[in-house]
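The values are calculated or read from the model by the stated rules, or taken from the named source; none is laboratory data. Being a predicted model, the structure only gives us computed values, none of them experimental. Positions of Cβ are generated from backbone atoms using ideal geometry, with glycine treated the same way; all protein chains shown enter the neighbour counts.
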C-alpha cells in the first residue's frame, strides 16, 4: 500500500524531523525515512523488506528490561487495530539508549487494515530539560536529615533511611559496597584492634609493677614497629620524671640524665601526645648529641593518664623521621591509657601486699611488746608509745573506766603536752560515748567535727585527726584507746579494722596485767597474813 504514495509525499516524510517508518500487514518494514535512520544509525537498506522483529530494532523500558517484538508499538497497533503510544528507550546501532516517544497508527483500506505508520520522536532534549528542572527544584528544597542516624524526613513527615528515600526519588536501587579508602581504614583498624588486644593481654598478665613496666615498653616497640621505647613516671614529691623502664635503648642513653621540661614533655604532661618529627632539626634541644649518637630521628611523647591524673610519660623513638597520622595517635593514646591502668593496678596490688605485710609486722611487734611485761603501768606506757612509732602517728592515749564503770581516767599518754592532757573530762564527748558502745569513731578534721568537744585545744596542740577505739577484753569494754595525727588523715576502713584489732590485743594485755597484779596482791596479802600468824604462834 505504501508503494502507492507519490514521491512528493515521500519527500515530505523524508524531510520531517521525527523518524517515520511504515510496517505492512505482513509485519515487514516497507518504508524508513532519513530521520529514522539518523536516530537509529540504521540505513533504509538495512531495514526495509525485513520483519521489524528481525530488523535490529530494539527497545528497553524505563527499568532497562528488553522489550519483546510483540510489545513494540507497531505490533500492538496491528494486533489491536488502534493507535498505540509508548515512551521507551530505543537502542541505536552504536548501542546508545535514546528516550523516544513512539506512536503507531493503523492504516485502513476499504475497511481492512493494510499496515501501521509509526512516528518516532526523540525525547532527549525534553528529558534533559525536565531533569534540569527537577534538579533545580531539588536544590531549592530544604530536606531535613537526622544528624545522628542520617534518616531523611519525607514530605509525609515520615523518617526513612537515606537509601530508601533516594530510591523512591528515582535515583536507582542501592547496594552497599566499600571504597578502597574505607577498605584500607578497616584493615588498619583491624590491625590496630589485634595489636591492642595483644598488648592489653601482655601487660595484664602480671601484677608485679616492675614486670608490668617492662612489658609496656617491650610490647610498645613490637606493636608500633619503632626503634625503642622508654617510660618515665612522675614523682609528685620532687615533680621529676623518673626512669621506670626502657627497651631498645642503650643503658648510656637511658641514664643520660634528668629530663628537662621541653615542649614535648610539657604537652605530654598536659595530656596531649606530642611528636618531634626530626630531632636533627632541633639542635637546641637537650641531649641532642646523645640522640644522634643513639640513632634517633623521631620522638613521640604520650601521657600516661589514669582517670584525670597524669602519672607519667611513654616515649617512642624511631630511626627514621615519621609523621604519625590521627589514627596512629588515637591508637597510641589508647595503649597509653591501658598501660596507665595496668601501672596503677600493679601499684595498688604491691601497696596492698606491702601494707598487709606491714600490718602483720606491726601486730607482731606490738603483741610482743605488750606481752613482755605483766606490770600494768609498763604495759600501758608501752602501748601508747609503740603504736604511734610503728603507725607514724603524733600521739596516743589510754583512758580506762573506774570501778563504777561510768568515769574515764587517763592512765597512759604519749606525745601530748600536760596542758592538753589536763583540758578537762572527755566522758561526754560524742565520739567517746560511741567508742564505749564498741563502735570505732574516725574524725578526719577535729576543728570542724561536732563530735569533738575541745576543738580549740586540739588545734593549739597541732592535732588534725583522731581515731577513738574501744578497748575490749573478754567481751567487756575496759576503756578507750585514742590515736592522734599531726597531719590531716582520712582513716580507711582497713586502717580502722586493723587499729581496732590492736586495741583489742591491748585490752587483753591490760586484762592480763590487771589480773596478774590482783593475783599478786592477793598472794602477797595472803603471805603477809600467813607470816603474821606464824610469828604469833611463835
Single unsatisfied condition, residue 327 versus (1) loosely packed, with under 14 Cβ neighbours inside 10 Å; (2) touching a helix residue (DSSP H, G or I) at 6+ places or on another chain (Cβ under 9 Å); (3) not assigned by TED's automatic domain parsing to the domain that holds residue 231 = (3)
message = Could you go through the range 475-484 and let me know if any residue there is outside any strand (DSSP E or B), out of contact with any strand residue (DSSP E or B) (no Cβ under 6 Å at 6 or more places or on another chain), touching a residue at least 24 places away in the same chain (Cβ under 8 Å) and in the same structural domain as residue 406 (by TED's automatic domain parsing).
response = no
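Taking the condition in the same structural domain as residue 296 (by TED's automatic domain parsing), in a helix (DSSP H, G or I), surrounded by 13 or more Cβ atoms within 10 Å (Cβ to Cβ) and at pLDDT 70 or above, does residue 221 pass? Walk me through how you get there before you give the answer.
Details: in the same structural domain as residue 296 (by TED's automatic domain parsing): yes; in a helix (DSSP H, G or I): yes; surrounded by 13 or more Cβ atoms within 10 Å (Cβ to Cβ): yes; at pLDDT 70 or above: yes.
Answer is yes for this residue.
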task = Return the residue satisfying two criteria in turn: it lies in the range 464-478 and is closer than 18 Å to residue 423 by Cβ and surrounded by 23 or more Cβ atoms within 10 Å (Cβ to Cβ), and of such residues it is nearest to the chain's Cα centre (by Cα).
result = 466
ask   = Yes or no: residue 380 in contact with a helix residue (DSSP H, G or I) (Cβ under 9 Å, 6 or more places away or on another chain), touching a residue at least 12 places away in the same chain (Cβ under 8 Å) and outside the structural domain of residue 216 (by TED's automatic domain parsing)?
value = yes
ask   = Among (1) touching a helix residue (DSSP H, G or I) at 6+ places or on another chain (Cβ under 7 Å); (2) under 18 Å from residue 226 (Cβ atoms), which single condition is residue 362 missing?
value = (2)
remark   = Given the conditions (1) buried (at least 18 other Cβ atoms within 10 Å of the Cβ); (2) more than 22 Å from residue 501 (Cβ to Cβ); (3) without any contact (Cβ under 8 Å) to a residue 40 or more places away in the chain, every one holds for residue 420 apart from (3)
message = Taking the criterion of being crowded, with 17+ Cβ neighbours inside 10 Å, in contact with a strand residue (DSSP E or B) (Cβ under 7 Å, 6 or more places away or on another chain) and modelled with pLDDT of 70 or more, would at least one residue in the range 362-374 satisfy it?
response = no
